[in-house]
Amino acid sequence: MTGYYRRRKKPAALLIDLDGVLREYRRSQPGPLETAAGFAPGEILEVALAPERLVPAMLGQVSRAGWCESIAAALVDRVVDLDTAEQIVEEWNTYRGEIVPEVLEFVTDVRAAGIPVALCTNAFDDVRADLDRFGVADAFDAILSSAELGLAKPHPEFYAKACDAVATAADECLFVDDQVRNIAGARAAGLLAYRFGGLADLDYLRQAFALPR
């Protein structure tokens, strides 16, 4: 089991990650422009996630548009010109993942039980627009985004601000994330933490909050 919840008393708040937990990316094949340019699945993503491009965007120092521009600039030597690179990145960027309905139902049930829920995400400046697009912006009592805070998980202050947002002591908050380093950071900050590995974990999480399974 990948979890870390051994107390009998249920947590008083849920802090939950977005990407890898509530939102997933299922598209594996490149779009027409990407294919025409000879890009393989995941090739543009690898360039996009390079730390020198990703970190400034994640901390709100660069907008998503600026992040996309930097990706296109890094790909320009693979295509005809910068305009072509920008068109390819624009097409690649249109897919923004999908909300996992079972996880959203879990969040809804936790809140219905009177337990506050905060979304805690390392995300870009437009994450709230994404949440609006998916129709889930009102699914949380609080939203904490690295781009808005100027700091990211696993920074200790991120967790402190998340606990403050739900007005709950750290040792009564259950933090759910799919990344090992974020789980370790949460535990170091005094939170309960559970590493999410897939839908099978929802039974365990429901049990932690004394919800019907």
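The values are calculated or read from the model by the stated rules, or taken from the named source; none is laboratory data. Because the structure is predicted, anything quoted here is derived from the model rather than measured. As a convention, Cβ positions derive from the backbone with ideal geometry for all residues, glycine included, and neighbour counts pool all protein chains shown. Calculation scope for accessible area: heavy atoms of the full protein, side chains included, ligands and nucleic acids excluded. Shrake-Rupley method; radii C 1.70, N 1.55, O 1.52, S 1.80 Å.
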**Message:** Suppose we take every Cα in region 30-149 and form the convex hull; what volume per residue is that in Å³?
**Reply:** 105 Å³
**Request:** Send over a whole-number figure in Å² for the accessible area per residue of region 18-75, probe 1.4 Å.
**Result:** 51 Å²
**Prompt:** Where in region 47-107 are there chymotrypsin sites (Phe, Trp or Tyr not before Pro) that are in a DSSP coil and have at most 13 other Cβ atoms within 10 angstrom of their Cβ?
**Reply:** TYR95
**Asked** Averaged over all directions, how much area does the convex hull of the C-alpha atoms of the chain cover when projected, in nm²?
**Response** 11.7 nm²
**Prompt:** Carbon and sulfur together cover what percent of the accessible area of the chain at a 1.4 Å probe radius?
**Reply:** 51 percent
**Fill in**
For region 91-213, dividing by residue count, accessible area per residue (probe 1.4 Å) in Å² works out to 42 Å²
